[in-house]
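K.L.:
Pasting a structure below so you can have a look.
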Amino acid sequence: MPERGLTRGGNYVCSRTLIMFADSWEGIEQSEIILLNLSREDIDAAIRKLNGGKYAIVTLQGQDEAYLAIGGGAHGRYIVYATFNNEKFFYLVPDDKAMGSALLFIGGQEGDFPMETIVDVDLLFKAVKIFVEIGELESDLQWKTSKMI
């Protein structure tokens with residue numbers, strides 16, 4: 001288990017109890033990077049590396065079953081979801097309620113995602129900041145709940 005404590009980094013405080021998982025794809029072969037004792041820079045770099053191809057998902061695991069996942073990245077389009085019990089999922093939604101859907105490559109496969117759940121990088125970093133700092137969802141953002149991804 002990672003060492004407990006806090007480290008200050010840039011715009012937010014990173015809990016050392018976080019674990020980050022990031023994927024990397026070469027064709028159909030996937031490898032996973034696992035990082036403990038994270039800095040803000042580690043998290044930011046992994047998220048900014050997402051391109052909807054070779055790098056398609058970053059998961060930040062907090063206490064117990066809590067995690068926040070960020071997927072996609074191609075053309076500045078991301079899906080951000082969180083769960084605290086692996087039963088109820090919270091999807092970050094943008095202010096504008098776009099219609100339709102878009103294909104995104106996340107977690108090794110392409111999926112058709114509703115536009116109402118696709119966010120930009122600025123919005124996703126607002127969600128990441130609070131999850132990293134206190135392990136909760138940013139209450140000033142809009143979240144849609146669902147039982148499945």
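K.L.:
Which residues, counting only those in region 85-108, are in a strand (DSSP E or B) and either in contact with a Pro (Cβ under 8 Å, 6 or more places away or on another chain) or without any contact (Cβ under 8 Å) to a residue 12 or more places away in the chain (or both)?
P.N.:
Selection gives 101, 103.
K.L.:
Go through (1) under 21 Å from residue 121 (Cβ atoms); (2) within 14 Å of the chain's Cα centre (by Cα); (3) touching a residue at least 60 places away in the same chain (Cβ under 8 Å) one by one and return the number of the condition residue 77 breaks.
P.N.:
Failed condition: (3).
K.L.:
Looking at region 80-102, which of the residues that are surrounded by fewer than 13 Cβ atoms within 10 Å (Cβ to Cβ) and in contact with a strand residue (DSSP E or B) (Cβ under 9 Å, 6 or more places away or on another chain) is nearest to residue 121 (Cα to Cα)?
P.N.:
95
K.L.:
If you scan region 114-149, which residues turn out to be within 19 Å of residue 87 (Cα to Cα), touching a Gly at 6+ places or on another chain (Cβ under 9 Å) and not in a loop (DSSP other than H, G, I, E, B)?
P.N.:
Matches in region 114-149: 131 only.
K.L.:
Within region 103-120, which residues are under 10 Å from residue 77 (Cβ atoms), surrounded by fewer than 17 Cβ atoms within 10 Å (Cβ to Cβ) and under 16 Å from the mean Cα position of the chain (by Cα)?
P.N.:
Scanning region 103-120 gives a single hit, 120.
K.L.:
As an exercise: evaluate residue 111 against (1) under 24 Å from residue 42 (Cβ atoms); (2) free of Cβ contacts under 8 Å to residues at least 12 places away in the same chain; (3) part of a strand (DSSP E or B) and give the number of the one condition it does not meet.
P.N.:
(1)
K.L.:
Would you confirm, using the coordinates I've provided, whether residue 47 is part of a helix (DSSP H, G or I) and modelled with pLDDT of 85 or more?
P.N.:
yes
K.L.:
Output the residues belonging to region 31-69 that are crowded, with 22+ Cβ neighbours inside 10 Å and either acidic (Asp, Glu) or in contact with a Leu (Cβ under 6 Å, 6 or more places away or on another chain) (or both).
P.N.:
Answer for region 31-69, where residues must be crowded, with 22+ Cβ neighbours inside 10 Å and either acidic (Asp, Glu) or in contact with a Leu (Cβ under 6 Å, 6 or more places away or on another chain) (or both): 60, 68.
K.L.:
Any idea which residue in region 121-142 is farthest from residue 95 (Cα to Cα), counting only those that are surrounded by fewer than 17 Cβ atoms within 10 Å (Cβ to Cβ) and in contact with a Leu (Cβ under 8 Å, 6 or more places away or on another chain)?
P.N.:
Of everything passing the filter in region 121-142, 126 is farthest from residue 95 (Cα to Cα).
The values are calculated or read from the model by the stated rules, or taken from the named source; none is laboratory data. It should be emphasised that the depicted structure is a prediction, and the values quoted were computed from it without experimental measurement. Here the Cβ is made from the backbone with ideal geometry for all residues, glycine too, and neighbour counts use every protein chain on show.
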